[in-house]
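Peer 1: Have a look at this one before I ask anything.
Values in this text are rule-based calculations from the coordinates and carry no lab data. These figures come from a predicted structure and were not determined experimentally. All Cβ positions, glycine included, derive from the backbone under ideal geometry; neighbour counts span all protein chains shown.
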Amino acid sequence: MPNDTTRGDRPLLLVTAPFDPARAAQLGDVFDVELVEPSLAGTSLATRGLDQELARATALVCEVDVVDEATLDKAPRLRVVVSCRANPVNVDVDACTARGIAVLTTPARNADVTADLAFTLLLMTVRHTGRAERWLRGGAWKAEDVFEPYSAFRGIGLSGRTLGILGGGAIGRRMMRRARAFGMNVVVHDPFLPSDAFGDQARVVGLDEALSTADIVTVHVPLAESTIGMIGDRELRLMRPDAYLINAGRAAVVEEDALVGALTEGRIAGAGLDVFWTEPLPADHPLLGLDNVTVTPHIGGASDDVVTEHSRIAERGLRAWVAGERPPAIANPAVLDSATAR
C-alpha cells in the first residue's frame, strides 16, 4: 500500500521510484506525497493497481515504470512527470507533450558513482587485481615460490601516464579529476567542446590522437547514432599494444567482436568492462575466457547515493515547476513555452 507522508487538499505527488524519505517529507510542504514500493519490472504504470492514485496525481516521480498512453489515460490531472533518468526512456514524451505535461529528468544523478566504478575498473585492469584475487582464493600461492605473484601480476603505475577520455560530459569530467589526482596527464575527445575547454587540466584532441597517444582509454560518450560502433577494428588498431580500454559507459560504442579480436591477438594489453552487447553476459562468451579482461555485471550506477542524488534533483525540478520557473532539466520545454504564451 502507498505510504502517505502528508494528507490534505493539495496536489498529489505520486512517487514510484526509489526516493529519499527526507526529500519526500520536505516536498510535503507543497504536495500530498504518496510513496509506492518501487518495481523493477519495467512495465506500464497503468498495470500496477494504482488507478486511484493516478486519478488524483498532479505530479509523478518514476524510474523504471513505463509512463505510456495507458498510464496517461488513467491520470487526467497529471501535469508534471519526473523521470529519474538522464534520458526519459521510460516516458512517452510525445504523448505527455500533447497533453501539456512537463517531463523533467535527473541528469548526472549517477555521474560520481559511475566514475568511481570506471576508475575502479581501470585500477583493477592495469594492476590485474581481479585475476590476482582469483589466483589467491584458488590456493595457488605456494610456500616454495612466495614471490610468484610479484612476477605473475606485474602492472603499471598511473603517475605520468596518459588517460584518454572519450566524451567530456559529466562522467568524463569526473574521470579527468580522478586521473589528475593520480598524477596522470589527460586528453579528451569530444567534438562538441572547444580546444581550451579544460584549461591546463586536459587537452581536447581528435579521436585518432586520443586513441594513439593514451596509455588507457576510457569510454564515456552518450549513445547516439553517431557513436554506435564508434570504436571498431580501425580504431582499436590505433591503440598501442601496451594500452588498455575501459568501458563503463555504453556497450554499443565499442564493437565487441573487434575488441575480442584485439585482446586475443594481443594488439592491446587489456580491457575493463562493465557493459556488454548481451546482458546478462553468456557463460560461454569469449570475453570471459581472456585473462587480460576485467569484468563487472553492469554495476556502474549501483549505489544508494544515486537515489539520494536523483531525489535531490527531482525535488529541485518540482519546486521550480511549482514556482512557475523553468526547471533545470526538462525534456519537452515547449510545454512550458506554450503555457507561458497563454
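Peer 1: Under a Cβ-Cβ cut-off of 13 Å, what is the net charge of the residues other than residue 255 that fall near it, where Lys and Arg count +1 and Asp and Glu count -1?
Peer 2: Net local charge, residue 255 excluded: -1.
Peer 1: Then there's this: Using the Cα centre of segment 155-288 as origin and beta-carbon charges of +1 (Lys, Arg) and -1 (Asp, Glu), tell me which of 288, 201, 232 is placed farthest towards the positive end of the dipole.
Peer 2: Checking the options against the dipole of segment 155-288, the answer is 201.
Peer 1: Can I ask one more? For every other residue with a beta carbon closer than 15 angstrom to the beta carbon of residue 41, add +1 if it is Lys or Arg and -1 if Asp or Glu, then tell me the sum.
Peer 2: Residues close to residue 41 contribute a combined charge of -3.
Peer 1: Hey, what did the chain get for relative contact order, percent, Cα under 8 Å, at least 6 apart?
Peer 2: Computed value for the chain: 16 percent relative contact order.
Peer 1: Right, something else. All other residues with a Cβ under 13 Å from the Cβ of residue 279 taken together, and with Lys, Arg as +1 and Asp, Glu as -1, what is their net charge?
Peer 2: -1
Peer 1: Work out, step by step, the length gained on full extension between residue 181 and residue 40: first 0.36 nm times the residue separation, then minus their alpha carbon distance; give nm to one decimal.
Peer 2: So the extension gain works out to 47.1 nm.
Peer 1: Nothing charged except the Cβ atoms of Lys and Arg (+1) and of Asp and Glu (-1): what's the magnitude of the dipole of segment 111-295 about its Cα centre? Round to the nearest 20 debye.
Peer 2: Using only the charged Cβ atoms, the result is roughly 580 debye.
Peer 1: What number, rounded to the nearest 500 deg cm²/dmol, is the helix-based mean residue ellipticity at 222 nm of the chain, given -39500 (n - 2.57) per DSSP H run of at least four residues and division by all its residues?
Peer 2: Mean residue ellipticity, 222 nm, calculated: -9500 deg cm²/dmol.
Peer 1: Grab the beta carbon distance between residue 87 and residue 325, set R0 = 22 Å, and tell me the FRET efficiency rounded to 0.05.
Peer 2: 0.45
Peer 1: State, to one decimal in nm, how far the label point of residue 159 lies from the label point of residue 225, with both points 7 Å from Cα in the Cβ direction.
Peer 2: A separation of 4.8 nm, rounded to one decimal place.
Peer 1: Under the 0.36 nm per residue contour assumption, what length would be gained going from the current alpha-carbon distance of residue 278 and residue 257 to full extension?
Peer 2: 6.3 nm
Peer 1: I'd like the orientation of helix 111-127 relative to the chain: the angle between its Cα long axis and the longest Cα principal axis, in ° from 0 to 90, rounded to 10.
Peer 2: So the helix axis and the longest Cα principal axis differ by about 10 degrees.
Peer 1: Next question. Can you order the peptides 237-248, 88-99 by their average number of other Cβ atoms within 10 Å per residue, highest first?
Peer 2: Per-residue Cβ counts within 10 Å, averaged per peptide and sorted highest first, yield 237-248, 88-99.
Peer 1: Now for a different question. What do you get for the angle between helix 304-322 and the principal long axis of the chain? Use alpha-carbon atoms, 0 to 90 degrees, nearest ten.
Peer 2: So the inclination is approximately 40 degrees.
Peer 1: Then there is this: If one takes the longest principal axis of the Cα atoms in the chain, at what angle in degrees, from 0 to 90 and to the nearest 10, does the Cα axis of helix 170-181 lie?
Peer 2: Between helix and principal axis, roughly 40 degrees.
Peer 1: For residue 303 and residue 265, compute 0.36 nm times the residue count separating them, minus their Cα-Cα distance, and round to one decimal in nm.
Peer 2: Length difference between fully extended and current span is 10.1 nm.
Peer 1: May I pose another question? Between rounded, prolate and oblate, where does segment 1-133 land on the alpha carbon gyration tensor, with a ≥ b ≥ c its root eigenvalues, rounded for a/c under 1.5, else prolate if a/b exceeds b/c?
Peer 2: prolate
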